[in-house]
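Engineer: Sharing a structure, written as structure tokens. Questions coming.
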Amino acid sequence: MLAIAIFHVVFGSLAVAAHTVHHPEDIKYELYLNLNMLLIQIIGCILLIVSIWVKKSLLAICFLLSDIIFMIWVLVVIIYCFWEKEYLAGAVLIFINFICIYLWVCVFSWHTELQQNEKEN
């Protein structure tokens, strides 16, 4: 789970960089939105790391929800990239979104395991 959190922050940073590098004229507004999404993702990753030691399923739920929000945001940015004919940035973001989906499934399985352990105790 620690590796998932670290990879997620790295991929989130790549998603922000892939979009903002191609739009230097609109960077002021888009950078704020992208950094807010990255901040939400970092908070979710920190809560996921804490869930490793505390063993609470609620903390994993926070990550899962923040990741859903992040994937929807990346999907919107992908549509925008293809609308602006920035195919390379769109392809990178599609790759990042598929990896985020895989990591989400991994964390969801961790969440179900935590819930089963909480019910037993």
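Engineer: Report every pair of residues separated by at least 6 positions or lying on different chains whose Cβ atoms are under 7 Å apart, first residue within region 47-72 and closer than 18 Å to N121 by Cβ and free of Cβ contacts under 8 Å to residues at least 40 places away in the same chain, second open to solvent by 40 Å² or more (accessible area, probe 1.4 Å) and not acidic (D, E).
Structural biologist: Within 7 Å, the pairs are L59/L47; L59/V50.
Engineer: Another question, then. Quick check: anything in region 84-95 aliphatic (A, V, I, L, M), at negative phi and loosely packed, with under 13 Cβ neighbours inside 10 Å?
Structural biologist: We begin by selecting, within region 84-95, every residue aliphatic (A, V, I, L, M); these are 88-89, 91-94.
Keeping just the survivors that are at negative phi gives 88-89, 91-94.
Narrowing further to those that are loosely packed, with under 13 Cβ neighbours inside 10 Å: 88.
Yes: one or more hits.
Engineer: Hey, another quick one. Would you confirm whether or not region 87-95 contains a residue that is among the β-branched types (V, I, T), in a helix (DSSP H, G or I) and modelled with pLDDT of 85 or more?
Structural biologist: Step one: list which residues in region 87-95 are among the β-branched types (V, I, T), which gives 92, 94.
This time we only want the ones that are in a helix (DSSP H, G or I), so: 92, 94.
With modelled with pLDDT of 85 or more added as a condition, the list becomes 94.
Checked region 87-95: at least one residue is among the β-branched types (V, I, T), in a helix (DSSP H, G or I) and modelled with pLDDT of 85 or more.
Engineer: Can you pull out the residues in region 96-107 that are farther than 16 Å from A3 by Cβ and either basic (K, R) or open to solvent by 50 Å² or more (accessible area, probe 1.4 Å) (or both)?
Structural biologist: Within region 96-107, F98, I101 qualify.
Engineer: Take the conditions part of a helix (DSSP H, G or I) and open to solvent by less than 80 Å² (accessible area, probe 1.4 Å) and apply them to L75. Does it pass?
Structural biologist: no
Engineer: Okay, moving on. Any residue at all in region 46-68 that's in a loop (DSSP other than H, G, I, E, B) and open to solvent by 30 Å² or more (accessible area, probe 1.4 Å)?
Structural biologist: Applying the first criterion (in a loop (DSSP other than H, G, I, E, B)) to region 46-68 yields 55-56.
From the residues that got through so far, the ones that are open to solvent by 30 Å² or more (accessible area, probe 1.4 Å) too are 55-56.
There is at least one residue in region 46-68 that is in a loop (DSSP other than H, G, I, E, B) and open to solvent by 30 Å² or more (accessible area, probe 1.4 Å).
The values are calculated or read from the model by the stated rules, or taken from the named source; none is laboratory data. Quick caveat, the model's predicted, so the values are computed rather than measured. Glycine gets a Cβ as well: all are built from the backbone with ideal geometry, and neighbour counts include every protein chain shown. The accessibility values were calculated without ligands, DNA or RNA, using every heavy atom of the protein model including side chains. Shrake-Rupley method; radii C 1.70, N 1.55, O 1.52, S 1.80 Å.
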